[in-house]
Amino acid sequence: MIGGVVMVLVVAEAREGALRKPAKEALSEGRRMADKLGAKAVAVIIGEGVKTLLKEISGYGMDKIYVADSAFLKYYHPMAYARIISEVVAKESPKVVLMGGTQTGRDLMPRVAIRVGGGYAPDCTGYEINGDSIIAVRPAISGKVIVKVGFKKYPAFMVLRPNVFGVNEDIISVSSEVVEISFEPTEVERKQIVKEFSIKTAGRPELTEAEIVVSGGRGLKDAANFAMLEELADLLGAAVGASRAAVDAGWRPQSDQVGQTGKTVSPKLYMAIGISGAIQHLAGMSSSKYIVAINKDPDAPIFNVADFGIVGDLFKIVPVLIERLKKEKARS
Amino acid sequence: MKAVCFVKSVPDTETRVRLTGNRLDKSEIKYILNPYCEFAVEEAVRKKEAGIVDEVLVISMGPSRAQEAIRSALAIGADRGVHIEDDNLDGSDAIVTARVLVEAFKKEGGLDNYQILLFGLRAIDGDTWSVPSMIAELLGIPAVTNIVKLDINGNKAIAIRMVEGGEEVFEVELPCVFAARKGLNEPRYPSLPSIMKAKKKPITRYTISDLGIPSDAVGKVGSFTEVLEYTLPPQRQAGKKVEGEPEQVVEELIKFLREVANII
C-alpha cells in the first residue's frame, strides 16, 4: 500500500513472445478484483523481449507495469523470478498477488509467499471479499471437497485455476506507468539454467487451458485407435486427454493423463470416450462445465456425472460423429 | 552423496470425503503413502542402487499414522526415517509445514549432509504443490519441480521438467530440490522380506521442542492461512442418456452440443 492506496499485483507470464492464456485470465481478474476493492492494479512481467507485450498488458487496465527484460530470464528461473517479484512486492505492499495456475505459477508463487511472508492459496476457483479480508475458495483432496481459506498474513498470494476466470476481451484504455527493473543474476542463480525447451503439443491446445477436451480410455483398445479421437479433437479445436488406463497401457504420453495422478481440467466441454469413470478420473474432470460420455456399459459410473450420455459402441458412434461434424463445418 | 525424501501420509485415492458440519470427517479414512512421494522414494533408492547415493533418509511430519508412510518408504528401500510428531502441529498450513521440515532437516545435518532433496510434486490431500518450492527458498537452493527424468553427474544434475505443451531441460548444481511426478519411474511393489526388513529400520522422533520451535509458531496459531470451512462440491446430476442407431444418437448429441453446450 502506497499513500493509503490498496493494490492488486498480477504476475503475468509469457512464452515464446506471447502472453499465456492463464496470464490473461489473471490480468482480467486482477482488474476486476481491484475495482471491487477500490484498488490499483499493477502487473509485473519477466522474460526476454517481453517489453513488446507492455501495450497488451496495459489493455487489461493495469495502472502500472513492472518489466524485467533480460536474456538470462528467457526461460523460467525459480530463484531469479522469485527475487524480482519479491522486490516489487516489497516496494508496492500489495494486498493481493495473483498469478495464473500454470506449472510456473504453482512453482513460483510458493517461493515468493514464503520469502515475503504472505499466506498462500493455490488453485483458486473463486474468492470472496469480506470487508478488509479476502477469502479464497479452492478445491482440495482432488476436488472431493471445497475449502474456504482465510488469510492471516497479507499479501494474499492466490494462484488461479486455469479456465475458471474469464478473459476480458475489451481493451481498457489507461496510461500505464512503466517501471523497468534492472536485472543481474546472482552467483547462486547462475547455477541453475534451462538448457533447452522443447515443444511437444502437435499444434493442439494445452490440456489444462483447452475449452474442449476429448479423452479416451481403455475402451479405445489400442494406441492406433486414438487417431480417431485426434481427428474428432481437431474438428472441435479440442485437446486430447486420456484416462490412467490408456496412459499405463502406453497408448498415450503421461502428459495427456487426466485424473488424480495426472492433470486437472475445467473445460467447457469434456468428452469421455471409452472411459468408465473411476473416482480417480472423476477427480480430474468433474469441474468441467458439460460432460459427454460414450460407453458401451450402461452402468459405467461416468454416466452418473455426464450431462449427455450415449450407451453404445464407440467404434460405430465416433466415426458417424466425425462425418456429421465435417458436414457441419462445411456448412458454416 | 546422500539423498533425503520428504513424504506425507494422505487419504487413499479411493476415499469418499464426508463432512461433519463444515469440518472433515476423518473417522473412516484409510491412509497411504502419498502416490507422488512413491516416485520420489523410488528415484532416491534407484540412485542408491546405481551407487550414486549412499544413504536415503525419509522425513515426514504428521500424526502417528505418518509412521506407516515412513515404513512404506523404508520398504521401498530407504535407510532410515525421521518422524516429526506433535499435537501442536495440527492445523499447520504449507508455510509452517515447510519451516518445520527445514528445522528437522537441519537437525539431521542439512545441506552439509544431503545434496539431493526429493519430494512428490503434490500431496493428493492438500493439493497445494507448494512445500518443495518453499523449502528450496528457505534453504536458498534451486528447485526443479514436476520432473520426469533425473540424471546426476558429479555435483551437477540434469532434470527434465514437464510443463504445459513441452519440457524444460534444467541443468543445476547440487544441492537442489527435485519434485517428482508420474513418469519419473515405475515404483516397485515392496517384497515381503523388504517389508519385514523395513520394520527394523530406525525411525528418529522429534517434537517441536526438540527442534527448538515455539508452539505459537506452528499449528493454527502460527499459520498464515486458515481453513474457514469445508463444503462438498455441488453434486453433478446424471443428464440425458440415449441408446440407439449411431446416426440417431449422434443427431441427438449434435443437438445437445448446439443448444445446451453451445459449442457448435
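We did not get these values from a lab; they are worked out from the coordinates using the rules stated. This is a predicted model, so every value here is computed, not measured. Positions of Cβ are generated from backbone atoms using ideal geometry, with glycine treated the same way; all protein chains shown enter the neighbour counts.
Annotations for the structure displayed:
- Listed from fewest to most Cβ neighbours within 10 Å, the set A:65, B:32 follows the order B:32, A:65.
- Debye-sum result for chain A in log10 I(q)/I(0), which assumes one identical scatterer on each alpha carbon, at q = 0.08, 0.09, 0.12, 0.15 Å⁻¹: -0.42, -0.53, -0.88, -1.19
- By the count of other C-beta atoms within 10 Å, a proxy for reagent exposure, B:204, A:104 are ordered fewest to most as B:204, A:104.
- Looking at the protein assembly as shown alone, DSSP beta bridges between its own residues are antiparallel in about 35 percent of cases.
- Three-way shape call for the protein assembly as shown based on the alpha-carbon gyration tensor, with the a/c threshold at 1.5: oblate
- Across the cross-link table entries B:106/B:199; A:263/B:149; A:289/B:8, which are compared at the Cα atoms, the separations over 21 Å belong to B:106/B:199; A:289/B:8.
- About the centre of its Cα atoms, the stretch A:109-196 shows a dipole size close to 680 debye [charges on the beta carbon of Lys, Arg (+1) and Asp, Glu (-1) only; nearest 20 debye].
- Sorted by Cβ neighbour density within 10 Å, fewest at the top, the residues B:205, A:331, A:252, B:65: A:331, B:205, B:65, A:252
- Lys, Arg +1 and Asp, Glu -1 on Cβ, resulting dipole of the stretch B:51-125 about Cα centre, debye, nearest 20: 160
- Cross-link reach list, aspartates and glutamates versus residue A:221, counting only Cα pairs under 14 Å and skipping chain neighbours closer than eight places: A:248, A:313
- Global form of the stretch B:2-217, assessed from the alpha-carbon gyration tensor, a/c cut-off 1.5: rounded
- Simple spin-label estimate for residue A:51 and residue A:316 in nanometres, 7 Å along Cα-Cβ: 6.4
- Charge sum, other residues only, whose C-beta stays under 9 Å from residue B:219's C-beta, Lys/Arg counted +1 and Asp/Glu -1: -3
- Computed from the C-beta positions of residue B:260 and residue A:231 and an R0 of 30 Å, the FRET efficiency is 0.80 to the nearest 0.05.
- Alpha-carbon gyration tensor eigenvalues x 5, square-rooted, for the stretch A:191-292, Å: 21, 15, 15
- A dipole drawn for the stretch B:2-217 from +1 and -1 charges on Cβ atoms has a positive end, and of B:157, B:4, B:33 the residue lying farthest that way is B:33.
- Take each residue of peptide A:118-124, count the partner chain Cβ atoms within 10 Å of its Cβ, and average: the result is 5.
- In this Cβ point-charge picture (+1 for Lys and Arg, -1 for Asp and Glu), chain A has a dipole of about 400 debye about its Cα centre.
- Gain upon complete extension [residue A:171, residue A:195; 0.36 nm per residue less C-alpha separation]: 5.0 nm
- Amide hydrogen neighbours beyond the local backbone of residue B:164, cut-off 5 Å, H modeled: A:103
- Virtual paramagnetic centre 7 Å along Cα→Cβ of residue B:156, amide N under 17 Å, in the stretch A:183-221: A:188-197
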